[in-house]
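Read-outs: derived from the displayed coordinates by stated rules, not from any lab. As the structure is a prediction and not an experimental result, all values here were calculated from the model. Heads up, the Cβs are rebuilt from the backbone with ideal geometry, glycines too, and the neighbour counts pull from every protein chain shown.
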């Protein structure tokens, strides 16, 4: 393709630092035993926004050998610590299927008895369509099981662009005809410089647009991940970048946008900067401002906006002043907006904290 062969001279020091941090973290990682590899990293059921209604999600995170981009000499993304959950050695097809079955069998009766409709999400902290992470046999086993469950109205996987090939799309389409499919892509921003020099994504926007067109031809939806406040950006720059990205993606008619405020994960360049007080996770105020600045209620008739921030309300995740009442209020506003897709929820009266004045005075300099 593509982004993997497109590098910017300016990011060489970043790649070297990312690799150095990752190497130190990997040396301290405990080797996983066989019993761990037979179980997924995590799985859960919780309330979620489907395209046309409020329903529930069933999410499984498989433990694979990890993201191929992250394991390469290019070092992976500057904020991603998921490689610490991966396995050093190969994970067999049988082990991946056992992981899926463990979670599926644990929850399927509950799901079938639940009156709500479901969205099924399966991730592996990398690319589900990468043969080196999830072999075809394991993918097809999962496709077949999920396609037969009436409760699952939507099906979501995630992948880097280079693995979203015609062959892989035809493979998926063999199993699904009535369910809505969505492939999540970590674009992070529409700005190539920010994406490849601050985040080290190894992806260029023109390749994303080509993949978007390919997915539309196969009637498969596109979910785009946007990163709010990458490393090396202050609060105002982060708002401007995310707002610009949302507006551009609205123009391109993507199906869903998931806004992910950066959270500080272990063994990352972002954590290194955070320890040095050179980075602060974004404020909730910035996320709300970004959403209101870049969207209209009319946009949300054909677009789903999602945001379920990891570590929200803690010092490592998106937060305001860390006062309990302030963080709970902000999280509740965000949750109600996502479930309802009603922008007015962001302006609902909640806990009015004095930290908003501090934010308004300091946001450009954080």
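Based on Cα contacts under 8 Å between residues 6+ apart, the chain shows a relative contact order of 16 percent. If you take the square roots of the eigenvalues of the alpha-carbon gyration tensor of segment 210-366 and sort them as a ≥ b ≥ c, do you get rounded (a/c under 1.5), prolate (a/b over b/c) or oblate? The shape class here is oblate.
Rounded, prolate or oblate for segment 4-73? Axes are the square roots of the Cα gyration tensor eigenvalues, ordered a ≥ b ≥ c, and the cut-off for rounded is a/c under 1.5. Provide the component values of the computation, followed by the final result.
On the way: a/c = 3.20, a/b = 1.46, b/c = 2.19.
Since a/c reaches 1.5 but b/c is at least a/b, the shape of segment 4-73 is classed as oblate.
Given the choices (i) 49, 46, 44; (ii) 55, 47, 39; (iii) 80, 45, 38, Cα extents along the principal axes in Å derived from the coordinates of this structure is entry (ii). If you find the alpha carbon centre of segment 30-84 and of segment 314-366, how far apart are they in angstrom? Measuring centre to centre over Cα atoms gives 27 Å. Spin-label model, residue 106 to residue 361: label points 7 Å out along the Cα-to-beta-carbon direction sit 4.8 nm apart. Distance from the alpha carbon centroid of segment 212-265 to that of segment 283-310 works out to 11 angstrom.
Can you give the % of DSSP beta bridges in the chain that are antiparallel, to the nearest 5? Provide the component values of the computation, followed by the final result.
On the way: 8 of 37 bridges.
Counting only bridges with both partners in the chain, antiparallel ones make up about 20 percent.
Semi-axes of the equivalent ellipsoid of segment 305-349: what are they in whole Å, largest first, if each equals the square root of 5 times a C-alpha gyration tensor eigenvalue?
19, 12, 6
Taking the average, over residues, of other Cβ atoms within 10 Å as the packing measure, peptides 138-144, 356-362 rank 138-144, 356-362 from highest down. Assign one of three labels to segment 274-346, namely rounded, prolate or oblate, based on the Cα gyration tensor with a ≥ b ≥ c the square roots of its eigenvalues; rounded applies when a/c is under 1.5, prolate when it is not and a/b is larger than b/c, and oblate otherwise. In terms of gyration-tensor shape, prolate.
Per residue of the chain, the DSSP helices (runs of n ≥ 4 H) give a summed -39500 (n - 2.57) that works out to -11500 deg cm²/dmol at 222 nm.
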